[in-house]
Structures are given as structure tokens and as C-alpha cells.
Amino acid sequence: FTMQMMGNSQKGKRTTKWSADGSALEIKETASFQTPDGNTVNTEGNIKWTLSGDGKTLTIEQTRTSPRGTQTTRRVFNKQ
């Protein structure tokens, strides 16, 4: 995949698979890029999409790790 970081396009690797029980889609991402001062920065991300059994709630959990630390977000969408 291609990501935008610090104004530059960088290539990364993304793998996707279904969870063992088939209830969630699990995505793993890794990318490296050069900073303006010439250092290499590595990032890693895990994303999990889960649909509830009744199909009314989609939950997306994302964890991204970089030199700045780890950030975790969770978004929940409820069908009305």
C-alpha cells in the first residue's frame, strides 16, 4: 500500500486475514520512511473490523506504533 507521511508517499506492506472464528477481519501494516534529517522511521499498525452477530454493530479497533509511541482508537457504528 502507499501512505502519505511527512509530505511524502511511502510504500508499505499490508496483510489481511479472517480471524480463526470468521467473525472479524484482521489487518497488519508495516512501513518505513526517511525523515528530512535522513533517519529511518518504522511504523506498525493492527486493525480489526468486527461485525456483531446480528449485523447491526460494526467495531473498528486500530493500534498504530511509531517512534512517537502507541495510539489506539476504537470506532463503533450502530445501524439504525
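A viscosity of 0.890 mPa s and a temperature of 25 °C, combined with the Kirkwood radius over C-alpha pairs in the Stokes-Einstein formula, give the stretch 31-78 a diffusion coefficient of 194 µm²/s. Remark: the stretch 6-80 carries 75 Å² of accessible area per residue (probe radius 1.4 Å; ligands, DNA and RNA excluded). The tail of the calculated P(r) for the chain, taken as Cα-Cα distances beyond 21 Å, holds 40 percent of the pairs.
Which of Gln34, Thr16, Thr59 sits farthest toward the positive end of the charge dipole of the chain, with +1 on the Cβ of Lys and Arg and -1 on the Cβ of Asp and Glu? Towards the positive end, the residue furthest out is Thr59.
For the stretch 31-48, 3J(HN,Hα) computed residue by residue from phi via the Karplus equation (6.51, -1.76, 1.60; θ = phi - 60°) reads 7, 10, 8, 8, 7, x, 8, x, 7, 9, 10, 10, 10, 9, x, 10, 10, 10 Hz, glycine and proline entered as x. Pairs of Cα atoms nearer than 8 Å and 6+ residues apart set the relative contact order; for the chain it is 19 percent. Other residues lying with their Cβ under 11 Å from the Cβ of Trp49 contribute a combined charge of 0, Lys and Arg counting +1, Asp and Glu -1. Element breakdown for the chain at a 1.4 angstrom probe: carbon and sulfur atoms account for 50% of the accessible area. Phi angles across the stretch 63-79 convert, under the Karplus curve 6.51 cos²θ - 1.76 cosθ + 1.60 with θ = phi - 60°, into 3J(HN,Hα) values of 10, 10, 10, 8, x, 7, x, 10, 10, 10, 10, 9, 10, 10, 10, 10, 6 Hz, Gly and Pro given as x.
The values are calculated or read from the model by the stated rules, or taken from the named source; none is laboratory data. Keep in mind it's a predicted model, so treat the numbers as computed, not measured. Glycine also receives a Cβ, built like all others from the backbone with ideal geometry; neighbour counts cover every protein chain displayed. The area values use the complete protein model at the heavy-atom level, side chains included, leaving out ligands, DNA and RNA. Shrake-Rupley method; radii C 1.70, N 1.55, O 1.52, S 1.80 Å.
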